[in-house]
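Trainee: Here's a structure for you.
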Amino acid sequence: MDESTIICKCEEINLAEIESAIQSGAHTFDDIKRITRCGMGPCQAKICSSLVREIISQSLEVSLSEIGLPRMRMPLKPTRIAALAGKETSSSVVSVFAESAPKEGDES
Ligand code: FES
């Protein structure tokens, strides 16, 4: 893994940015999130949180169990406003992304 390795795929945050945040005093995932936006993408840190916690653990030479878990906020998955307003039953993440993806033949 080099400095340009993407750690948070959703927000395109690389290892150098994570390490810079740690050197600036970030000691938890939430500290890094506030500085870099890491963990604020569509997956809401499901992909990057364990990697970032490992990087913090190695950089600060503390055990992984001492690094707190990210603070989660609702909704825990991409949700349509209509579902929040009670006008639609909940939908899957796949369907939300599938509807927003460009269709074959779309010109935009
Ligand atoms: S990979 Fe970091 S928020 Fe999705």
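The values are calculated or read from the model by the stated rules, or taken from the named source; none is laboratory data. Keep in mind the model is a prediction, meaning the values are calculated, not measured. With ligands, DNA and RNA removed, areas are computed over all heavy atoms of the protein, side chains included. Shrake-Rupley method; radii C 1.70, N 1.55, O 1.52, S 1.80 Å.
Trainee: Run the 1.4 Å probe and let me know the accessible area of Leu76, rounded to the nearest 10 Å².
Mentor: Rounded to the nearest 10, the figure is 90 Å².
Trainee: Quick one: Debye curve from the C-alpha atoms of region 1-77, no solvent, what's log10 I(q)/I(0) at q = 0.13, 0.17, 0.28 Å⁻¹?
Mentor: After summing over all Cα pairs, the log10 values are -0.32, -0.56, -1.48.
Trainee: Per residue, what accessible area does region 25-93 have, given a 1.4 Å probe and all protein chains present, in Å²?
Mentor: 64
Trainee: Give me the percent of accessible area attributable to carbon and sulfur for region 6-66, probe 1.4 angstrom. Walk me through the numbers before you get to the answer.
Mentor: On the way: 1550 of 3300 Å².
With neighbouring chains kept in place, the figure for region 6-66 is 47 percent.
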